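Reviewing the structure listed below.
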Amino acid sequence: MKKFYQDKTDNLKISYEIFPPKNDTSSSKTKQLLEELNKLKQFKPSLISVTYGAGGSNREKSLDIVKLLLKNFETIIMPHFTCICSSKDYINNYLKEIQSLNITNILALRGDEPQDINVCYKDFTYAWQLVDFIHNQSDLNIAVAGYPEGHPRAKNLACDIENLKKKIDMGGNIIFTQLFFDNDFYYKFCELCAKENINVPIIPGVLPITNFSQLERMTSMCGATLPKGLIEHFEKYKDSEEDIQKAGIEYATNQCRKLIEFGVGGLHFYTLNKSHSTSEVLKNIL
Ligand code: FAD
């Protein structure tokens with residue numbers, strides 16, 4: 001079975017996260033997305049992952065994009081899947097469908113709790129239950145989410161890592177992290193995971209910043225700390241969009257170089273469906 005990490009060479013694995021554009025697959029946004037991904041092909045990605053809307057709100061679109069990417073790219077396509085508002089039956093059908101498409105990898109998530117949790121099925125409360133379910137129902141390679149600064153709702157980082165351990169014990173075999181801008185959180189996180197006997201690859205999530213308001217929105221959503229050095233770095237450039245993009249490329253390049261020195265097996269880029277910044281960072285580091 002085609003697994004993301006089956007190739008045991010020392011080559012750094014590159015992967016991209018994209019999200020399904022709002023309109024249908026024939027829309028201009030989808031065409032643009034394919035063009036952007038085509039520009040990133042030269043870096044030989046090992047995997048492209050496709051997000052799944054909160055509470056499954058863009059279920060069909062997510063799968064439509066997965067199908068389109070399968071037709072257009074030879075690399076592994078990994079759908080994200082959230083369980084918080086799904087029934088076991090729904091998930092079973094979903095698993096059958098993706099396996100019929102020869103998908104071999106899935107990112108198993110709980111998803112954010114919707115404001116009205118009562119509208120949800122009660123089959124799954126946490127991602128470890130989904131991992132357990134998928135592991136028992138399929139032979140898919142299961143990726144899970146990790147949070148170097150702790151999940152925003154977790155009691156503390158130690159409890160969150162205990163939960164992560166459970167996801168791995170239930171069958172998770174690779175971790176993709178939440179984005180972060182201070183590598184020290186990632187290094188410490190890897191150390192704590194090793195202490196808990198979490199011995200699977202921990203792939204850091206990297207977001208090359210392209211604008212300031214996006215930065216504020218993303219960090220307030222996911223709880224990533226903005227280090228003082230980063231704010232100072234961007235202050236110098238904040239009057240021009242083009243300069244901010246350059247500063248973002250410079251910052252992410254340094255971040256990636258240090259992560260490579262640390263010995264990461266791969267880098268997962270939050271592309272936000274755009275190729276330019278990711279492409280420039282990759283040209284700098286490869
Ligand atoms: P879990 O691992 O279940 O953790 C959720 C919370 O519950 C944590 O605070 C954890 O510490 C706590 N917890 C877990 N088990 C227990 C327990 N037994 N007792 C007490 N507390 C417990 N969201 C989307 O909607 N769509 C996406 O496509 C998507 N992609 C993502 C990709 C990555 C790489 C990452 C890092 C996140 C992504 N998310 C996505 C966000 C994710 O769905 C949210 O962060 C969600 O709130 C948690 O999902 P999880 O799978 O990490 O949940």
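The values are calculated or read from the model by the stated rules, or taken from the named source; none is laboratory data. Everything numeric in this text was worked out from a predicted model, so none of it was measured. With ideal geometry, Cβ positions are generated from the backbone for all residues, glycine too; neighbour counts draw on all protein chains shown. For the accessible areas, the whole protein counts, side chains as well, though only heavy atoms, and no ligand, DNA or RNA atoms are used. Shrake-Rupley method; radii C 1.70, N 1.55, O 1.52, S 1.80 Å.
Some observations on this one:
- LYS67 open to solvent by 60 Å² or more (accessible area, probe 1.4 Å), in contact (Cβ under 8 Å) with a residue 24 or more places away in the chain and within 18 Å of the chain's Cα centre (by Cα): no
- GLY266 fulfils the conditions (1) open to solvent by less than 10 Å² (accessible area, probe 1.4 Å); (2) touching a helix residue (DSSP H, G or I) at 6+ places or on another chain (Cβ under 8 Å) except for a single criterion, (2).
- Residue match in region 33-53 (condition: in a helix (DSSP H, G or I), under 19 Å from LEU107 (Cβ atoms) and open to solvent by 70 Å² or more (accessible area, probe 1.4 Å)): no
- GLU17 being within 16 Å of the ligand (Cβ to nearest atom) and modelled with pLDDT of 95 or more: yes
- Taking the criterion of being near the ligand (Cβ under 8 Å from one of its atoms) and over 30 Å from PRO227 (Cβ atoms), the only residue of region 130-165 that qualifies is LEU130.
- Here THR125 fulfils each of the conditions (1) within 25 Å of THR271 (Cβ to Cβ); (2) of a type outside the set (A, V, I, L, M, F, W, C); (3) within 13 Å of the ligand (Cβ to nearest atom) apart from (1).
- Considering residues of region 227-286 that are on the phi > 0 side of the Ramachandran plot and in contact (Cβ under 8 Å) with a residue 60 or more places away in the chain only, the residue farthest from the chain's Cα centre (by Cα): ASN273
- Residue under evaluation TYR94, criteria (1) hydroxyl-bearing (Ser, Thr, Tyr); (2) assigned to a loop (DSSP other than H, G, I, E, B); (3) surrounded by 18 or more Cβ atoms within 10 Å (Cβ to Cβ), criterion not met: (2)
- Which numbered condition THR177 fails, given (1) touching a His at 6+ places or on another chain (Cβ under 9 Å); (2) of a type in the set (S, T, N, Q); (3) within 11 Å of the ligand (Cβ to nearest atom); (4) farther than 20 Å from GLY266 by Cα: (4)
- Qualifying residue in region 277-284 (condition: in a loop (DSSP other than H, G, I, E, B), in contact with a strand residue (DSSP E or B) (Cβ under 8 Å, 6 or more places away or on another chain) and either among the small types (Gly, Ala, Ser) or closer than 24 Å to TYR147 by Cβ (or both)): no
- Of the residues making up region 159-186, those that are of a type in the set (Phe, Trp, Tyr) and open to solvent by less than 50 Å² (accessible area, probe 1.4 Å) are PHE176, PHE180, PHE181, TYR186.
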